[in-house]
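In what follows, a single structure is set out as structure tokens and then discussed.
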């Protein structure tokens, strides 16, 4: 597959320095000099015996990554991630990224930091995947393949939190926790690489650009680098749940989301002589009121939908009717059918109401800059696996069944073609009071959450590989048929 990027792809493969490779190099040099040394018969026998003993000698492992110890895996990983040296390392990673936020498809320094750390661990990777994305591989290099994902991008906001690692870039801020997501995934990678010989398949590390607006997940899928993935897991930090708790559900979790922008054109003129104008402000006002009827009078009350106009631009003087007005907003739904119906009706209402007021309307659904996001649907089989891992790690009382949210996530692009699972990881500290929500200038991350995220990534991936059972091939859309 060709990459949708102007940068040439690089595949980093770490040098192999295993004992066997070192021994074979030694043998090769001995063989090359055997004639000169006139090696005796018994020296040859001794050398061959040494080789045979090395190759045939069984290796014993006290690894906990075995089927007989499935229930121990999450707790063991959590204990590993809580070691002070690993916690300090993850905190340092997060703070470095937080100080240097980068917007979607501009995460070059963040990507460089990730690649540097992967190289230190000896983990091979592909780069760039969709401009700045990185995809690493740990394990056998053979099926099954399970992916764990972190988003990397920041937001165009000015940080107002005064702490020692405040953003150094004016107008840019990690206000959604993606810096923590990267640190968690790197923490998981460090632990998984230490146990790579015990993995029963391949763990794929997905460091994704442009979650916030650019549809980075969709762009990564278009490269083809994730075609053979059997399952994918993703998480998001949340200030709505306490540390040591998770929240999720099977089926639809987050809404499908789209954006629209419309320019309503009339005829400008003096506000004292409206009869000589065609007023686009009045037309736009009627459009906005009518759009609300799509939810209140056309949608099933049990089928949650939202239409919100959040942008209204037009005019610059108190006594002048402008030639045109621009409005824009978002629409959301929990099924593909409702989403497409809403989109069609938005177009009809805008053009129809504008025409009633003698105006023209052009509508853009922002397909390129802000693609529509599908509904995020959690696979039922993966939900059972997650429940088992979370119960073993945190206890059943710390698993919260949540209601679907109208928020959107471009993880949905992954989950649309790969069996996927997404969950929220609590980071509320009761002694701090209520933390500010994401996408605000006072958003902060409780760094105590980092070990939990790393442990979940590692546990979900390893348990999936150990419990993997091949299933008959089915059409990609069948993952969502049940919903």
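The values are calculated or read from the model by the stated rules, or taken from the named source; none is laboratory data. The model shown is predicted, which means the values in this text are computed figures rather than measured ones. Note that each Cβ is placed from the backbone with ideal geometry, even for glycine, and that neighbours are counted across all protein chains shown.
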With (1) outside any loop (DSSP other than H, G, I, E, B); (2) in contact (Cβ under 8 Å) with a residue 24 or more places away in the chain as the list, and residue 292 as the residue in question, which single condition is left unmet? (2)
Which condition from (1) surrounded by fewer than 23 Cβ atoms within 10 Å (Cβ to Cβ); (2) out of contact with any helix residue (DSSP H, G or I) (no Cβ under 7 Å at 6 or more places or on another chain); (3) at pLDDT 95 or above is the one that residue 220 breaks? (1)
Given (1) touching a residue at least 24 places away in the same chain (Cβ under 8 Å); (2) part of a loop (DSSP other than H, G, I, E, B); (3) outside the structural domain of residue 185 (by TED's automatic domain parsing), number of the condition residue 264 does not satisfy: (2)
Kindly provide the set of residues from the range 73-86 that are touching a residue at least 40 places away in the same chain (Cβ under 8 Å) and either surrounded by fewer than 18 Cβ atoms within 10 Å (Cβ to Cβ) or under 22 Å from the mean Cα position of the chain (by Cα) (or both), ordered by number. 74, 75, 77, 78, 81, 82, 86
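Evaluate the range 436-444: report whether one residue or more is buried (at least 19 other Cβ atoms within 10 Å of the Cβ) and out of contact with any helix residue (DSSP H, G or I) (no Cβ under 8 Å at 6 or more places or on another chain). If you could, list the steps in order and put the result at the bottom.
Let us first name the residues in the range 436-444 that are buried (at least 19 other Cβ atoms within 10 Å of the Cβ), namely 443.
Still in the running and out of contact with any helix residue (DSSP H, G or I) (no Cβ under 8 Å at 6 or more places or on another chain): 443.
Within the range 436-444, one or more residues are buried (at least 19 other Cβ atoms within 10 Å of the Cβ) and out of contact with any helix residue (DSSP H, G or I) (no Cβ under 8 Å at 6 or more places or on another chain).
Here are 95, 149: which of them is under 22 Å from residue 10 (Cβ atoms) and in the same structural domain as residue 456 (by TED's automatic domain parsing)? So that I can check it myself, show each step before the final result.
On the way: 95 fails: under 22 Å from residue 10 (Cβ atoms).
One residue alone meets the criteria, 149.
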For the range 148-163, give me the residue count where each residue is surrounded by fewer than 17 Cβ atoms within 10 Å (Cβ to Cβ) and without any contact (Cβ under 8 Å) to a residue 60 or more places away in the chain. 2
Residue 183 - would you say it is farther than 16 Å from residue 12 by Cα and under 14 Å from the mean Cα position of the chain (by Cα)? yes
Residue 126 passes all but one of the listed conditions (1) surrounded by fewer than 24 Cβ atoms within 10 Å (Cβ to Cβ); (2) in a loop (DSSP other than H, G, I, E, B); (3) in contact with a strand residue (DSSP E or B) (Cβ under 7 Å, 6 or more places away or on another chain); the exception is number (2)
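On the basis of being in the same structural domain as residue 380 (by TED's automatic domain parsing) and over 30 Å from residue 334 (Cα atoms), does residue 217 make the cut?
Details: in the same structural domain as residue 380 (by TED's automatic domain parsing): yes; over 30 Å from residue 334 (Cα atoms): no.
So residue 217 fails the test.
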Filtering the range 269-280 down to residues that are out of contact with any helix residue (DSSP H, G or I) (no Cβ under 6 Å at 6 or more places or on another chain) and either in a strand (DSSP E or B) or surrounded by fewer than 18 Cβ atoms within 10 Å (Cβ to Cβ) (or both) yields 270, 271, 272, 273, 274, 275, 276, 278
